[in-house]
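The values are calculated or read from the model by the stated rules, or taken from the named source; none is laboratory data. This one's a predicted model, so the numbers in the text were calculated from it and none came from an experiment. No Cβ is skipped: glycine too gets one built from the backbone with ideal geometry, and neighbour counts run over all protein chains shown.
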Amino acid sequence: MTTDTDLWIADEAVPDAGPRPPSRPCDLEAERILVATAIMQPAAIDELGAEGFDPADITTDWLRWTWWAVEELRTAFRDGELKHLAVHRQLEAWHADGRMPTRVPPADQLMELCNEAHYGNASWYAARVTKKAVAARVVALGYDAILKGSSPAFDEDADVAAIQADLDGAVRPTDEENLAPIGELIGDSLVRAVTPPSAADCIPTGFIDIDSLLCGGFTPGQMVVIGARPAMGKSTIAQDFARGAALKAKIPTLIESLEMSSGDLSDRILCAEARIPLHHLRQGIVCDSDVARAAARVQDTIADAPLYINDGALLSLATLRARVRNLVRTKGLRLVIIDYLQLMQVGRADNRQQAVADLSRGLKLLAKDFNITVVVLCQLNRGPEQRTEKKPQVSDLRESGAIEQDADIVILLHREDAYEKESPRAGEADLIVGKHRNGPTGTITVAFQGHFARFRDMAVTG
């Protein structure tokens, strides 16, 4: 077998049989030395396991089973025992009971293998084996991509997203990567205790009181849920958050709109920024002074804003991850807004509750994996309408308690004038921060200017 070389079969494919699969890259020399070292120094198995080495990455069957035999026996070896004989007996026992499907190497072959042990270098050889295993997974993914791309059933959205998602998993993460003693972490905690968050640390919402309650705004890795009953203005408040981040703070932001077209969003953002009545724009009767003000606003604020809008009606987690990955790399994306969760595509699940739970967990992992903030709009059930005061509660989140569990922040939107037109609080809205994992909860009152398609701080006029 070729040693330490990436292989790719370049022969012509058999007619009508598709491309031939490539040979698997491997490093046979490193595998032999690693297994030999494990036989002679069984403690290396625990050390390499703590470093994240996976013996499944050993490509040669009998070497892999030999490693597992040493793993089984490592605490039972006696002083002075010929370890290769004990390993041989274990392999024969596994083969006899049908557990080991491959042939058992002769005892003298195991003895010769032990002569290849390199004491003290196990980690280096393990890294060589792991590197080849990653290369093998990439090659296999490449072959899978060829098959998908060659298929008449190729789906440019689903298949490309699936390939990119699989590529993310080609490098197997280890617990060791996230393992850190408290002594190394506590110093950073002390620094944070005396350092107010900067613009680089937080994403402003565009609302003074909300930013104050949330200690500066949204932070990377958070999943923020905006919950409301229909027609309360959750899409509008989400657009306000996008304007606060992208137009004012110049933070790259993506809006995934599953319900509203990009043209509708553009109209509403222009009206909110230029104080143009939305119904005037829709009727095409905006006066000259308003048009001039809008044009100036476009030139000064909107045209160069890092705000990206996608209004595709079909959105899955795999597709979203692919888009986010690309925008993080090319645009420095920091904020994603999804309008709204219940319209996203879900995979197979036993029931709707489990499907929504899978979506919620996937969105939380998306925020954590890419170190961005994900704001998810969510419909509430009919609980508020069945209560006298009509105010929503976190428990009203529709279809799954997992949404409440996964969210770092839950903001519930309530407007009294949506239920009572003559309410003395007409034009006001409550943003109820019902969950805040890293800080206080509370209720923030803002002004609702529906004719301009926006909410505003109560203290701000115009």
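Data overview
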{"item": "Hits in segment 215-252 (condition: part of a loop (DSSP other than H, G, I, E, B) and in contact with a Cys (Cβ under 8 Å, 6 or more places away or on another chain))", "result": "C215, G216, G217, T219"}
{"item": "The listed residue being crowded, with 22+ Cβ neighbours inside 10 Å and in contact with a Lys or Arg (Cβ under 7 Å, 6 or more places away or on another chain), out of A274, A228, A246", "result": "A228"}
{"item": "Those residues of segment 278-300 which are in contact (Cβ under 8 Å) with a residue 40 or more places away in the chain and surrounded by 16 or more Cβ atoms within 10 Å (Cβ to Cβ), in sequence order", "result": "L278"}
{"item": "Residue list for segment 203-214, restricted to those being in a loop (DSSP other than H, G, I, E, B) and either surrounded by 21 or more Cβ atoms within 10 Å (Cβ to Cβ) or more than 24 Å from the chain's Cα centre (by Cα) (or both)", "result": "T205, G206, F207, L214"}
{"item": "Selection status of L333, under 14 Å from the mean Cα position of the chain (by Cα), touching a residue at least 24 places away in the same chain (Cβ under 8 Å) and not in a helix (DSSP H, G or I)", "result": "yes"}
{"item": "Qualifying residue in segment 126-142 (condition: at pLDDT below 85, of a type outside the set (S, T, Y), surrounded by 15 or more Cβ atoms within 10 Å (Cβ to Cβ) and over 27 Å from Q164 (Cβ atoms))", "result": "no"}
{"item": "Residue check for F448: of a type in the set (F, W, Y) and within 30 Å of the chain's Cα centre (by Cα)", "result": "no"}
{"item": "Those residues of segment 47-71 which are surrounded by 15 or more Cβ atoms within 10 Å (Cβ to Cβ) and farther than 12 Å from A126 by Cα, in sequence order", "result": "T59, T60, W62, L63, R64, W65, T66, W67, W68, A69, V70, E71"}
{"item": "Number of the condition not met by F241 [criteria: (1) crowded, with 24+ Cβ neighbours inside 10 Å; (2) in contact with a helix residue (DSSP H, G or I) (Cβ under 7 Å, 6 or more places away or on another chain); (3) not aliphatic (A, V, I, L, M)]", "result": "(2)"}
{"item": "Every pair of residues 6+ apart whose Cβ atoms lie under 6 Å, when the first sits in segment 413-442 and is free of Cβ contacts under 8 Å to residues at least 60 places away in the same chain while the second is of a type in the set (K, R)", "result": "E416/R425; Y419/K390"}
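Every residue, every condition in (1) under 25 Å from the mean Cα position of the chain (by Cα); (2) within 19 Å of F207 (Cβ to Cβ); (3) buried (at least 18 other Cβ atoms within 10 Å of the Cβ), yes or no:
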residue	(1), (2), (3)
G383	no, no, no
I411	yes, yes, yes
P424	no, no, no
G439	yes, yes, no
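Yes/no matrix, rows are residues, columns are (1) among the hydrophobic types (A, V, I, L, M, F, W, C); (2) in a loop (DSSP other than H, G, I, E, B); (3) under 16 Å from I237 (Cβ atoms):
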position: R361; (1), (2), (3): no, no, no
position: A367; (1), (2), (3): yes, no, no
position: V375; (1), (2), (3): yes, no, yes
position: D417; (1), (2), (3): no, no, yes
position: G439; (1), (2), (3): no, yes, no
position: H451; (1), (2), (3): no, no, yes
